[in-house]
1. Taking Val46 as the residue in question, decide whether it is over 15 Å from Tyr30 (Cα atoms), among the hydrophobic types (A, V, I, L, M, F, W, C) and touching a Ser or Thr at 6+ places or on another chain (Cβ under 9 Å).
2. Restricting attention to region 97-126, which residues are in a helix (DSSP H, G or I), touching a residue at least 60 places away in the same chain (Cβ under 8 Å) and closer than 16 Å to Lys32 by Cβ?
3. Tell me, which helices (runs of 4 or more DSSP H) lie completely within region 316-392 with 2 or more residues that are in contact with a Phe, Trp or Tyr (Cβ under 7 Å, 6 or more places away or on another chain) and not hydrophobic (A, V, I, L, M, F, W, C)?
4. State all residues of region 116-171 that are of a type in the set (D, E, K, R) and closer than 21 Å to Ile96 by Cα; if no residue qualifies, say none.
5. Exactly one condition in (1) assigned to a helix (DSSP H, G or I); (2) modelled with pLDDT of 95 or more; (3) open to solvent by 50 Å² or more (accessible area, probe 1.4 Å); (4) of a type outside the set (A, V, I, L, M, F, W, C) is false for Gly194; which is it?
6. Being assigned to a loop (DSSP other than H, G, I, E, B) and free of Cβ contacts under 8 Å to residues at least 40 places away in the same chain is the filter; apply it to region 234-275 and report the residue that is nearest to Ile13 (Cα to Cα).
7. Please list, ordered by residue number, the strands (runs of 3 or more DSSP E) wholly in region 1-96 having 1 or more residues that are within 26 Å of Ser166 (Cβ to Cβ), small (Gly, Ala, Ser) and touching a residue at least 40 places away in the same chain (Cβ under 8 Å).
Amino acid sequence: MDIKQVGIVGGGIMGAGIVQTLSSFGYPVYFKDVNDQLVDKCFMQVEKIYESAVKKGKLTGEQAKERLSLIKGGTDDKGFDQVDLVIEAVPENLEIKRQVFHLLDRICKQGAILATNTSSFSVSRIATFTSRNSQVVGMHWFNPSHVMRLIEIVSGVETSPEVVESVIDFCGRLGKNPVQVKECAGFLVNRLLGIYMNEALFMLEEEGTPILIDQAAINIGMPMGPLMLGDMVGWDVIYHSNRTLYEEYGTRFALPKLFSKMIEEGKLGQKVKNGIYPAGQEFVYPEHIESDAHLQVLSNRLLFVMLNEGIRCLEEKVASASNIDRALQLGAAMPKGPISWADELGLDILFQGLERFKAMYGERFWPSPLLRRLAQAGYLGNKSGKGLSILA
């Protein structure tokens, strides 16, 4: 399936970044939004990205102008009957997506691939909003979409292998790193980040000291603490995603009580100037304190839940070991992939630590069955010369 022209539905921050990416690689792009104001806003966002590239010397003004000319936008369906691929980038509202895919099924040509950028909904369910289930696929971009290289490719139960192959090839032509992921709530990256963000809020309920929790994440090599990240992304966005995880995986993903309280009080983060940290606060992490045993416990709690969930994903065949590692490094900026990190740490150390935390904090630390079997059989990771890498 040769993709030559692309349509985008939804011109928000994510949609604008996708539009810019496509046009920068020479693809004619048609995008639509619900009113002229949002259409104009999308154009301005794309122009701003190109202006930045010109200022940095990555493009000439003439090149930027030429690529902008490839973009057509409006509130109508013009051009969508010509595209080979449509990427839906509307808000995470299932009813809105139902309306969008019902429309696309009607107006797009028979062979067009319909892709959803959903981060939480079932691709299989979205496909039922059309009469072409085999041509619907998940294409989950990460924000900012014109910068982040990872795209999770997710098959629905009826998505054809040819569609998946075509979309993976297309992502490569955009300079992206596509990772094929088995359909499940949260897919891969958001599933690990979800349990990590939940743990940070559980710790905040206990500690009441955001800077200490964020420092615990910095100490394991994360580029930013989870609470500052939540303020930037928006706690309502994370809450919606994590509720989906809880609905599918149960008590392991139970939400901290603080979470719903924050939503009720409107503490959604930087976008409303009201979050974990005061708006405009000059934030400086304290120096790394290796001797602080309490801080080390906090670091281990954040790390161990992520590594354990990564091993569960490996056991469930959500993705291969190498793809799990690659996706989390690209999509969550982990300094090491969770599978190789667990082998390096020692599967016995991880298993014993999870058992201790389970006794103290509950089911969210329940060790993966695969981790239990390997640790008890002497597959301890790098130090024994055999571990999760045997499944790579």
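The values are calculated or read from the model by the stated rules, or taken from the named source; none is laboratory data. Just so it is clear, the structure is predicted and the values come from calculations on it, not from any experiment. Cβ placement follows ideal geometry from the backbone for every residue including glycine, while neighbour counts extend to all protein chains displayed. Heavy atoms of the whole protein, side chains included, go into the accessibility calculation; ligands, DNA and RNA do not. Shrake-Rupley method; radii C 1.70, N 1.55, O 1.52, S 1.80 Å.
1. No; evaluated as a whole, the condition is false for this residue.
2. Val100, Leu104 - these are the residues of region 97-126 that are in a helix (DSSP H, G or I), touching a residue at least 60 places away in the same chain (Cβ under 8 Å) and closer than 16 Å to Lys32 by Cβ.
3. Filter on region 316-392 gives 347-361.
4. As a first pass, look at region 116-171 and keep what is of a type in the set (D, E, K, R): 125, 132, 149, 152, 158, 162, 165, 169.
Within region 116-171, Arg125, Arg132 qualify.
5. The single condition Gly194 does not satisfy is (3).
6. So the residue we want is Gly234.
7. 6-9, 71-74
Residues checked against (1) modelled with pLDDT under 95; (2) over 20 Å from Leu380 (Cα atoms); (3) in contact with a Leu (Cβ under 8 Å, 6 or more places away or on another chain):
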residue	(1), (2), (3)
Leu295	yes, yes, yes
Leu302	no, yes, no
Met306	no, no, yes
Glu309	no, no, yes
Leu314	no, no, yes
Ala319	no, yes, yes
Asp325	no, no, no
Leu328	no, yes, yes
Gly337	no, no, yes
